[in-house]
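*Asks:* I have a structure here, written as structure tokens, and I will follow up with some questions on it.
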Amino acid sequence: MKTYVLKDERKKELKLLDKALQKISRKELPHILHVQQAILRASDEYMYKKGVTRIMPIMIAPITDTLNHDVEDCELKYEGQKFNITKSMIFHKQIMLSSPYLDKIYIVSPNVRLEQEEEGDKRHLFEFTQVDFEFKGASMDDVFEFQEGLVKYVFDYIKKECADEFKTLGIGTSHLDVTIPFKRYTTQELKAKYGDDFEEIASKKATQPFWLINHKREFYDAEDLEKPGTYRNYDLIWPYGYIEGLSGGEREYKYDRILTRMRELGVDENAFRNYIELAKEGKIPKTAGAGFGVERMTRFVCQQKEIDDVTVFTRKPGETYLF
Ligand code: AMP
Ligand code: MG
């Protein structure tokens, strides 16, 4: 009896092995990957031209992003100390800008987020890469202008460089003809108009990327003190139903504000004691920034059904993984 179970399981596994190899061998894959490479190349070029300094990623650290909506914690021990696997480098971005010699930085940053499987989800991987940037002294308007310029630069570059890839993939490029500046909406106005699924509905109706402003989320996104209960943060929404492609915000940086927001959201202050200490000493500067998902941009650009269509090895939540 036992051997049969084992055999069956092994059979199942061999089927998965076959599926994994088929995924790697899709004829579209090299074209998608070439477009993704062009996205990264053009993004790097844009950053370089704008004087934004590239920092190498941190993969494990004693603190990481507090976001944990439906995301399991991912910890390991090193030298008797607890480390988290990076969910995002938000705190490292803020801390490195305490240097008087660094003003504008970005990281091509691998993130691990053990997301729950969700029926019909086409947008989440449990690990992905974001292009994550932060600017000292910047406001949300500065970030909007910067990101709009980046999207235009990247899309113009790939339209020119990847014409053959688009032909082979059988897709046009009219979705890459963006007009800047992008329109701006608040979450409240779109929710009033479309109800709870406002992001998806508005994205499906849109033919241009747009900004969605004011989300109640992590403690580090700045609250607008002139309008308490509203937040100076934003998402960039890809049109044609591809939904969120970037998130960012102006940041809380003052000691009392950080503590207030942490307490409001029940953040473990002890885990953040050194970050809090820097804030207390006034060393965390005023910054704003954002991060866009590379695979999400690739999916939008290549008009793929789901995000896992742009990966080589499946990283879709809820699968059995062999590699
Ligand atoms: P966040 O600040 O959490 O919104 O992350 C920044 C950006 O990374 C998002 O706007 C997405 O483009 C991308 N991203 C976040 N989570 C995932 C995920 N699980 N899978 C793929 N991309 C993601
Ligand atoms: Mg987000």
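*Asks:* Let me spell it out: the conditions are (1) open to solvent by 10 Å² or more (accessible area, probe 1.4 Å); (2) touching a residue at least 24 places away in the same chain (Cβ under 8 Å), and residue 49 meets all of them except one. Which number is the exception?
*Replies:* Condition (2) is where residue 49 drops out.
*Asks:* Further question: Got at least one residue in region 218-239 being of a type in the set (Gly, Ala, Ser), within 13 Å of ligand 1 (Cβ to nearest atom) and under 22 Å from the mean Cα position of the chain (by Cα)?
*Replies:* Here is the first cut: in region 218-239, the ones of a type in the set (Gly, Ala, Ser) are 222, 229.
Next, only the ones that are within 13 Å of ligand 1 (Cβ to nearest atom) stay: none.
No, region 218-239 has no match at all.
*Asks:* Name the residues in region 68-91 that are open to solvent by less than 50 Å² (accessible area, probe 1.4 Å) and away from ligand 1 (no atom under 11 Å from the Cβ), would you? Write out each step before concluding.
*Replies:* Residues of region 68-91 open to solvent by less than 50 Å² (accessible area, probe 1.4 Å): 71, 74, 83-91.
74, 83, 84, 85, 86, 91 - these are the residues of region 68-91 that are open to solvent by less than 50 Å² (accessible area, probe 1.4 Å) and away from ligand 1 (no atom under 11 Å from the Cβ).
*Asks:* Taking residue 138 as meeting all but one of (1) within 27 Å of residue 107 (Cα to Cα); (2) part of a strand (DSSP E or B), write down the number of the exception.
*Replies:* If we test residue 138 against (1) within 27 Å of residue 107 (Cα to Cα); (2) part of a strand (DSSP E or B), just (2) comes out false.
*Asks:* Next up: For the subset of region 114-150 comprising residues that are in contact with a helix residue (DSSP H, G or I) (Cβ under 8 Å, 6 or more places away or on another chain) and open to solvent by 60 Å² or more (accessible area, probe 1.4 Å), which member is farthest from ligand 2 (Cβ to nearest atom)?
*Replies:* Top of the filtered list is 122.
*Asks:* Looking at 99, 109 in this structure, which one is within 11 Å of ligand 1 (Cβ to nearest atom) and either open to solvent by less than 40 Å² (accessible area, probe 1.4 Å) or more than 18 Å from the chain's Cα centre (by Cα) (or both)? Walk me through it before giving the result.
*Replies:* Numbers: 99 fails: within 11 Å of ligand 1 (Cβ to nearest atom).
Exactly one of 99, 109 is within 11 Å of ligand 1 (Cβ to nearest atom) and either open to solvent by less than 40 Å² (accessible area, probe 1.4 Å) or more than 18 Å from the chain's Cα centre (by Cα) (or both), namely 109.
*Asks:* Still on this model: Looking at region 297-323, I want the residues that are basic (Lys, Arg) and have a partner that is open to solvent by 60 Å² or more (accessible area, probe 1.4 Å) with Cβ atoms under 9 Å, at least 6 apart or on another chain. Which pairs are those?
*Replies:* Partner pairs satisfying both residue conditions: 299/122; 299/123; 299/305; 305/122; 315/127; 315/321; 316/117.
*Asks:* Then there's this: Does region 24-35 include one or more residues that are part of a helix (DSSP H, G or I), touching a helix residue (DSSP H, G or I) at 6+ places or on another chain (Cβ under 6 Å), of a type outside the set (A, V, I, L, M) and at pLDDT 95 or above? If you could, list the steps in order and put the result at the bottom.
*Replies:* If we filter region 24-35 for residues that are part of a helix (DSSP H, G or I), which is where we start, we get 24, 29-35.
Narrowing the set further to residues that are touching a helix residue (DSSP H, G or I) at 6+ places or on another chain (Cβ under 6 Å) leaves 31-32, 34-35.
With the extra rule that they be of a type outside the set (A, V, I, L, M), the set shrinks to 31, 34.
When the remaining residues are screened for being at pLDDT 95 or above, the result is 31, 34.
Within region 24-35, one or more residues are part of a helix (DSSP H, G or I), touching a helix residue (DSSP H, G or I) at 6+ places or on another chain (Cβ under 6 Å), of a type outside the set (A, V, I, L, M) and at pLDDT 95 or above.
*Asks:* Filter region 264-289 down to the residues that are part of a strand (DSSP E or B) and under 25 Å from residue 198 (Cα atoms) and list them by number.
*Replies:* Correct list: 289 only.
*Asks:* Could you list, in sequence order, the residues of region 93-113 that are within 29 Å of residue 178 (Cβ to Cβ) and either within 16 Å of ligand 2 (Cβ to nearest atom) or among the aromatic types (Phe, Trp, Tyr) (or both)?
*Replies:* Answer for region 93-113, where residues must be within 29 Å of residue 178 (Cβ to Cβ) and either within 16 Å of ligand 2 (Cβ to nearest atom) or among the aromatic types (Phe, Trp, Tyr) (or both): 93, 106, 109, 111, 113.
The values are calculated or read from the model by the stated rules, or taken from the named source; none is laboratory data. On a predicted model such as this, the values are computed, not experimentally measured, just so you know. As a convention, Cβ positions derive from the backbone with ideal geometry for all residues, glycine included, and neighbour counts pool all protein chains shown. SASA here: full protein model, heavy atoms, side chains in, ligands and nucleic acids out. Shrake-Rupley method; radii C 1.70, N 1.55, O 1.52, S 1.80 Å.
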